[in-house]
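Novice: Structure incoming, see below.
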Amino acid sequence: MDTPFSTLIRTASHEQHTEAETSTFMGDLLGGRLGVDAYARYTEQLWFVYRALEDGARELRDDPVAGPFIQPELMRVAELERDLTHLRGADWRAGARPLAATAAYAARVAECARDWPGGYVAHHYTRYLGDLSGGQIIRDKAEKAWGFARKGDGVRFYVFESIPNPAAFKRGYRELLDGVAVDDLEKQRIVDECKRAFALNTEVFRALGEEFPLSA
Ligand code: HEM
């Protein structure tokens, strides 16, 4: 395999990326056609997913495959909790419920964290590299649509305080992908899991779209 792994995984997930990016819910949300309650519900779903990602990270820190990807500056749970306090009030936890699609997504992440470090890398890539890329577009639109302070409470999830240069960080991340300590067959499995990760995200968007249909 001559193609760098970072290119392979990016190319292989390109089609699903377009699907996720152009989902009805995302379009309505970022088009400013939904209320802040839809944004809060989406943020709450992310909290369930990132808890699975970051609880799993603790166990994998010394793993030869997944360990190098686990970097404290990426961790998002504390930021999501601050956003949710802002969006829903101090007792937001009492009402937090995962959609069935979110529960399935978080369960798959937890399963990979427990049993399959390569699969965990696929989920890690799908979320964190996305947050460092398109996440910045989402932040900008959210600030404008619902009046959050720039990079303030409500959109802290999208602000990586300890990553001053996301482009450089992404280059470093791609180097980690290119050097991942697995054989070609395992790389293919990781690519397949990445496609699954995108599909799991799309399912969450679909469920959110059902919960927040546009009143035409
Ligand atoms: C409205 C929603 C979204 C927008 C506007 C968006 C936009 C973008 C943009 C502009 C990039 C940079 C591409 C480049 O570097 O050339 C990117 C990369 C990426 N996005 Fe998204 N995205 C969105 C949703 C998502 C979702 C839902 C996921 C998956 C959960 C995702 C995962 C990724 C990943 C993994 C990358 C990095 C690709 C790579 O360079 O390897 N994105 N996105």
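The values are calculated or read from the model by the stated rules, or taken from the named source; none is laboratory data. Because the structure is predicted, anything quoted here is derived from the model rather than measured. Cβ coordinates were reconstructed from backbone atoms using ideal geometry, including for glycine residues, and neighbour counts include every protein chain displayed. With ligands, DNA and RNA removed, areas are computed over all heavy atoms of the protein, side chains included. Shrake-Rupley method; radii C 1.70, N 1.55, O 1.52, S 1.80 Å.
Novice: Which whole-number percent gives the relative contact order of the chain, counting Cα pairs below 8 Å spaced six or more residues apart? Please report the intermediate quantities before stating the final value.
Specialist: Values: 225 pairs, mean separation 80.0, N = 216.
This gives 37 percent for the chain.
Novice: Now for a separate question. Excluding ligands, DNA and RNA, what is the solvent-accessible area per residue of the chain at a probe of 1.4 Å, expressed in Å²? List each step's numbers first, then the result.
Specialist: Values: 10380 Å² over 216 residues.
Ligands and nucleic acids excluded, the result is 48 Å² per residue.
Novice: A further question on this structure: Out of every Cα-Cα pair in the range 75-211, what percent are more than 28 Å apart? Walk me through the numbers before you get to the answer.
Specialist: Details: 2205 of 9316 pairs.
So the portion of pairs separated by more than 28 Å is 24 percent.
Novice: Let me ask another. Which ³J(HN,Hα) values in Hz, rounded to whole numbers, follow from the phi angles of the range 134-139 under the Karplus curve 6.51 cos²θ - 1.76 cosθ + 1.60, where θ = phi - 60° and Gly and Pro get x?
Specialist: Residue by residue, the range 134-139 yields x, x, 6, 5, 4, 4 Hz.
Novice: Right, another one. Please report the spacing between the Cα centers of the range 122-139 and the range 46-113 in Å, no decimals.
Specialist: Centre-to-centre distance over Cα atoms comes out at 14 Å.
Novice: Oh, and also: Tell me, what ³J(HN,Hα) does each residue in the range 95-102 have, in order and in whole Hz, if you take phi through Karplus 6.51 cos²θ - 1.76 cosθ + 1.60 with θ = phi - 60° and put x for Gly and Pro?
Specialist: Values per residue, Gly and Pro as x: x, 6, 9, x, 5, 4, 5, 5 Hz.
Novice: Give me the distance in nm between label points sitting 7 Å out from Cα along the Cα-to-Cβ direction at A96 and I163, one decimal.
Specialist: Modelled inter-label distance: 2.1 nm.
Novice: About its Cα centre, what dipole magnitude does the chain give when the only charges are +1 on Lys and Arg Cβ and -1 on Asp and Glu Cβ, stated in debye to the nearest 20?
Specialist: Numbers: 28 positive and 34 negative charges, 119 e Å.
Dipole magnitude for the chain comes out near 580 debye.
Novice: Placing +1 at every Lys and Arg Cβ and -1 at every Asp and Glu Cβ, with all other atoms neutral, what dipole size does the range 56-137 have around its Cα centre, in debye to the nearest 20? Numbers along the way, then the final one.
Specialist: Working: 10 positive and 11 negative charges, 51 e Å.
Magnitude of the dipole: close to 240 debye.
Novice: Quickly estimate the mean residue ellipticity at 222 nm for the chain, helices only: each DSSP H run with n ≥ 4 gives -39500 (n - 2.57), and the total goes over all residues, rounded to 500. Spell out each step's value before the answer.
Specialist: Values: 11 runs with 141 residues, N = 216.
Helices in the chain give a 222 nm mean residue ellipticity of -20500 deg cm²/dmol.
Novice: Next question. Using the Cα centre of the range 1-101 as origin and beta-carbon charges of +1 (Lys, Arg) and -1 (Asp, Glu), tell me which of V49, V36, V65 is placed farthest towards the positive end of the dipole.
Specialist: Highest projection toward the positive end goes to V36.
Novice: How much of the accessible area of the range 44-192, in percent, comes from carbon and sulfur atoms when a 1.4 Å probe is used? All intermediate terms of the calculation are to be shown ahead of the outcome.
Specialist: Values: 3420 of 6820 Å².
Roughly 50 percent of what the probe reaches on the range 44-192 is carbon or sulfur.
Novice: Got a sec? What order do T7, T202 fall in by accessible area at 1.4 Å, biggest, i.e. largest, first? Spell out each step's value before the answer.
Specialist: Numbers: T7 60, T202 15 Å².
If we order T7, T202 from most to least accessible, we get T7, T202.
Novice: Along the charge dipole of the chain, which of L74, G95, V180 sits closest to the positive end, that is, farthest toward it, with unit charges on the beta carbon of Lys, Arg, Asp and Glu (+1, +1, -1, -1)?
Specialist: G95
Novice: Another one. Just to be sure I understand the model, the point goes 7 Å from the Cα along the line to the Cβ. What's the resulting E210 to A103 distance in nm?
Specialist: Once both label points are built, they end up 1.3 nm from each other.
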